[in-house]
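Okay, so here's the structure we're looking at.
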Amino acid sequence: MRKFFRLVLAPLSWFLHACSPLGKPVDIDVSDNFYYDKSETDIIYSSMGNWFELGKTPMNADAETFEVLNAHLGRDKNQAYYKWHPIPSEQIDLKSFDASYSDWMWHIGMDKDNVYAFGDDVIDGEWQLVMSVIEGADPETFKKIDHLWSKDSSNYFYNHKMIQVSYESFEVINDTFCKDQDSVYLYYQDRFESIGSGLKGFKKIDRYYAMDTGMVYYFQDYIDGEKSEILIRIPYSNSGTIEVAEENYLLVDELVYYRGLLVDDVNVNKIEVISRDLIKDNNHVFYGRIPIDGADPTTFRWDEDNFQYKDKHRLYPYDELERRTSSVKSEITIN
């Protein structure tokens, strides 16, 4: 059988190789996106060299002087490039322009004066370069920490914008909160704001929940499919009762919350967490915080054979559970 597939695929492999417009990679150790053309007189940008599926773009670059700076940035004696897009020479200092190929820096360039963030987008029906200056960033020490956070020797940057925090004490807590010696901050998309000072012992519970000495904090971006962007504070008296189950459910002080919102009429002493969106007690099965009408909690379970939930009455396809519960708007309790 293997021999059969080799015989079938061999002509296709030969055809793709023979028809490939790509020559050798310019610097495969740094990037698998930049290639010489067959005559080595131009550079071709082709994502991962997969020209057949992902396309290719001749760059009209000077092949003799072209150098790869990182996965997506390069330069020749006349021009710098992001992917196949020429970077306007009047907007950078070409002589000092450089880039790092360390983690998360693939779209970041710098010259002696500035740090730049590059991207591209469809504008007027075609892909065009998008670039911006990261204001206040030091080209000598700037580095990306992850896709959201950056820092240099003096400042932190969120989404490429400098934030005013205490540099030495600043730390990111989880996917929503960060803090320094003066305050705790909420971050979400382009939003960055203090939620208060004096929040003693503020620390991570998991990637979404955090706590201080008296409250659990959760940022709820959507409620019942509608954008909310609400910071929820959940008071507690016994930190030993705080538990996050399957990411979305929070158990605290004999109460159950789903994505920060109280689940009514649930018996916390009989609760069983089924999945990140399903729990049951001795009386009900809940999708999110909404009881599933008619579901039998005793027999409700995942059916491996049908890849659906079921009880003694029927099957419950997952998309049906979403439709049934999204049509029910329960009363929302927010502390």
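The values are calculated or read from the model by the stated rules, or taken from the named source; none is laboratory data. This structure is a prediction, so every number in the text was calculated from the model and none was measured. In this analysis, Cβ positions are derived from the backbone assuming ideal geometry, glycine residues included, and neighbour counts consider all displayed protein chains. Remember, those area values only see protein heavy atoms, side chains included, never the ligands or the DNA or RNA. Shrake-Rupley method; radii C 1.70, N 1.55, O 1.52, S 1.80 Å.
Observations, loosely collected:
- Listed by position, the strands (runs of 3 or more DSSP E) enclosed by the stretch 63-153 that each have at least 1 residues that are open to solvent by 20 Å² or more (accessible area, probe 1.4 Å) are 73-75, 85-87, 108-110, 115-123, 126-133, 149-151.
- Against the conditions (1) touching a strand residue (DSSP E or B) at 6+ places or on another chain (Cβ under 9 Å); (2) open to solvent by 70 Å² or more (accessible area, probe 1.4 Å), Thr213 satisfies every one except (1).
- Scoring Leu54 on the criteria (1) in contact with a Leu (Cβ under 6 Å, 6 or more places away or on another chain); (2) within 21 Å of Asp121 (Cβ to Cβ) leaves a single failure, condition (1).
- Being assigned to a loop (DSSP other than H, G, I, E, B), surrounded by 12 or more Cβ atoms within 10 Å (Cβ to Cβ) and in contact (Cβ under 8 Å) with a residue 24 or more places away in the chain is a property that holds for Tyr208.
- When the stretch 172-205 is filtered for residues that are in a loop (DSSP other than H, G, I, E, B) and farther than 27 Å from Gly288 by Cβ, the ones remaining, listed by number, are Asp180, Gln181, Asp182, Ser183, Asp190, Ser197, Gly198, Leu199, Lys200, Gly201, Phe202.
Quick grid of which residues meet (1) surrounded by 15 or more Cβ atoms within 10 Å (Cβ to Cβ); (2) hydrophobic (A, V, I, L, M, F, W, C):
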{"residue": "Pro21", "(1), (2)": "no, no"}
{"residue": "Lys24", "(1), (2)": "no, no"}
{"residue": "Val30", "(1), (2)": "yes, yes"}
{"residue": "Ser39", "(1), (2)": "no, no"}
{"residue": "Ser47", "(1), (2)": "yes, no"}
{"residue": "Thr57", "(1), (2)": "yes, no"}
{"residue": "Asn60", "(1), (2)": "no, no"}
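- Looking only at residues of the stretch 258-301 that are of a type in the set (Lys, Arg) and part of a strand (DSSP E or B), we find that the one that is surrounded by the most Cβ atoms within 10 Å (Cβ to Cβ) is Lys280.
- Any hit, the stretch 132-143, residues being among the basic types (Lys, Arg), modelled with pLDDT under 95 and on the phi < 0 side of the Ramachandran plot: no
- Meets criteria (buried (at least 19 other Cβ atoms within 10 Å of the Cβ), closer than 21 Å to Leu278 by Cβ and either free of Cβ contacts under 8 Å to residues at least 24 places away in the same chain or in contact with a Cys (Cβ under 6 Å, 6 or more places away or on another chain) (or both)) for Val165: no
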